[in-house]
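Peer 1: Dropping the structure in here first, questions after.
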Amino acid sequence: MQGVHLQDLVSAGVVMENSPTLCSGRDKRIWMPDMKGVFSVKSARELIRKKFPTMKEASLLWRKVVHPSLAAQNWKFVRGACATLDKVRSSFAQKAWNWIAGIFNIKPYYDLITSYNGARLQSGIVRDLWLVANLVVRSELWFTRNKKVYEKKVPCWSFFQKRVFNLMHEYSVRMKSFMFNTVADLRILDFFRVKHRKVKISDPKECYWTPPNNNELLLCTDGASRGNPGVEGAGVVARNASSEVVGAMCIGLGIATNYMAELYGIIVGLEWAIQWGYDRLLIRSDSSSVLKALEEDNVPWFATQRG
């Protein structure tokens, strides 16, 4: 380290003997919050911004099959920005949920995520209808509650049913998913007068696997994190030209992102191959972003130090 940088560090009280020694290449400034070590307005903003945890319901509400007005109304319910449904939850709401459950033959829950997961074995179009049905019923119960509280109107069951039916029929034009060729699917679609969708037919794809060439080592790597970021790990399996497994390894990497888990899976495999004396390597990974970064020599600055 030379010049102005050295003087600034010494004047700031940094003991240079305790600093890491530069092995090769030029010395350069590193902006710590950025993975590539480059300062930008975006990296500075990310450093000072206050982040909030992502609500799981957001992945369901802001889908193309959900009308924006319906999503916005239910977003208020999720965020607690609207009055609750306690006024009609005792009898009227219970009757409404039993009615919609009888149509779909799926048990509804007050928790939106749990209720939607109840349709996980159904066809795509039925799952979409079930999601919209949950949102419509919640919204209409809220409107019914307001009429009872502020206008002193007694809830009308037949009017409620017609509202839900008409809204479900109107919102169904946004749904493009496939259906199963079953009586149950046809019964649900016919009830809401939903146009029949195509039946999804499985299309077999030919897959094959080829071993690496002679004097070449195949590295199959992968990484994952529980959360993004979250607790992460990576693994690598090495095969020779005879397709024999010559080694396998998995490691824990602490808290990091999915991208870093995929990247370190490859880096650890490369270090392993170098120790064995291989100079011809074939890397297979399911992360296109990591492979592109390696091809362009654009990996995070702290990962390059392992080379």
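Peer 1: Report every pair of residues separated by at least 6 positions or lying on different chains whose Cβ atoms are under 6 Å apart, first residue within the stretch 131-151 and over 12 Å from residue 93 (Cβ atoms), second surrounded by 15 or more Cβ atoms within 10 Å (Cβ to Cβ) and of a type in the set (Val, Ile, Thr).
Peer 2: 133/100; 136/164
Conditions tested, residue by residue: (1) modelled with pLDDT under 90; (2) surrounded by 20 or more Cβ atoms within 10 Å (Cβ to Cβ).
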residue: 68; (1), (2): no, no
residue: 77; (1), (2): yes, yes
residue: 82; (1), (2): yes, no
residue: 137; (1), (2): no, yes
residue: 143; (1), (2): no, no
residue: 150; (1), (2): yes, no
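Peer 1: All but one of (1) modelled with pLDDT of 85 or more; (2) open to solvent by 50 Å² or more (accessible area, probe 1.4 Å) hold for residue 203; state the number of the condition that does not hold.
Peer 2: Of the numbered conditions (1) modelled with pLDDT of 85 or more; (2) open to solvent by 50 Å² or more (accessible area, probe 1.4 Å), the odd one out for residue 203 is (1).
Peer 1: Taking the stretch 172-187 as the region of interest, how many residues are touching a helix residue (DSSP H, G or I) at 6+ places or on another chain (Cβ under 6 Å) and either open to solvent by 50 Å² or more (accessible area, probe 1.4 Å) or modelled with pLDDT of 95 or more (or both)?
Peer 2: 1
Peer 1: Could you tell me whether the stretch 248-267 includes any residue that is in contact with a Pro (Cβ under 8 Å, 6 or more places away or on another chain), of a type outside the set (A, V, I, L, M), farther than 30 Å from residue 182 by Cβ and assigned to a loop (DSSP other than H, G, I, E, B)?
Peer 2: yes
Peer 1: Within the stretch 277-307, track down each residue that is open to solvent by 100 Å² or more (accessible area, probe 1.4 Å) and either in a helix (DSSP H, G or I) or more than 25 Å from residue 37 (Cα to Cα) (or both).
Peer 2: So the first thing to find is which residues in the stretch 277-307 are open to solvent by 100 Å² or more (accessible area, probe 1.4 Å), and the list is 279-280, 286, 292, 295-297, 305-307.
Scanning the stretch 277-307 gives 279, 280, 286, 292, 295.
Peer 1: Please identify the pairs in which a residue from the stretch 39-54 that is over 30 Å from residue 113 (Cα atoms) has its Cβ atom under 7 Å from the Cβ atom of a residue that is surrounded by 11 or more Cβ atoms within 10 Å (Cβ to Cβ), counting only partners at least 6 apart or on another chain.
Peer 2: Every condition considered, the pairs that remain are 39/31; 40/34; 43/31; 43/33; 43/34; 47/33.
Peer 1: Hey, another quick one. Going through the stretch 152-209 one residue at a time, which ones are within 20 Å of residue 139 (Cβ to Cβ), without any contact (Cβ under 8 Å) to a residue 24 or more places away in the chain and among the small types (Gly, Ala, Ser)?
Peer 2: Listed by number, the list holds a single entry, 158.
Peer 1: While we're looking at this one, here's another question. Just for the stretch 258-276: of the residues that are exposed (fewer than 15 other Cβ atoms within 10 Å of the Cβ) and of a type outside the set (Phe, Trp, Tyr), which one is farthest from residue 291 (Cα to Cα)?
Peer 2: Here the residue is 275.
Peer 1: Continuing with this model, one more query. Where residues in the stretch 216-241 are modelled with pLDDT of 85 or more and outside any strand (DSSP E or B), which of them is farthest from residue 252 (Cα to Cα)?
Peer 2: Top of the filtered list is 241.
Peer 1: Could you check the stretch 223-257 and list, in sequence order, the residues that are open to solvent by less than 60 Å² (accessible area, probe 1.4 Å) and not hydrophobic (A, V, I, L, M, F, W, C)?
Peer 2: Passing the criteria: 223, 225, 227, 230, 232, 233, 235, 240, 243, 247, 254, 257.
Peer 1: I'm trying to understand the selection: among the residues of the stretch 190-217, which are within 23 Å of residue 170 (Cα to Cα) and among the hydroxyl-bearing types (Ser, Thr, Tyr)?
Peer 2: Result: no residue meets the conditions.
Peer 1: Let me confirm something: among 96, 101, which residue is surrounded by 12 or more Cβ atoms within 10 Å (Cβ to Cβ) and in contact (Cβ under 8 Å) with a residue 12 or more places away in the chain?
Peer 2: 96
The values are calculated or read from the model by the stated rules, or taken from the named source; none is laboratory data. Quick caveat: nothing in here was measured; it's all calculated off a predicted structure. Backbone-built Cβ (ideal geometry, glycine too); neighbour counts: all protein chains shown. Accessible surface areas use protein heavy atoms only, side chains included; no ligands, DNA or RNA. Shrake-Rupley method; radii C 1.70, N 1.55, O 1.52, S 1.80 Å.
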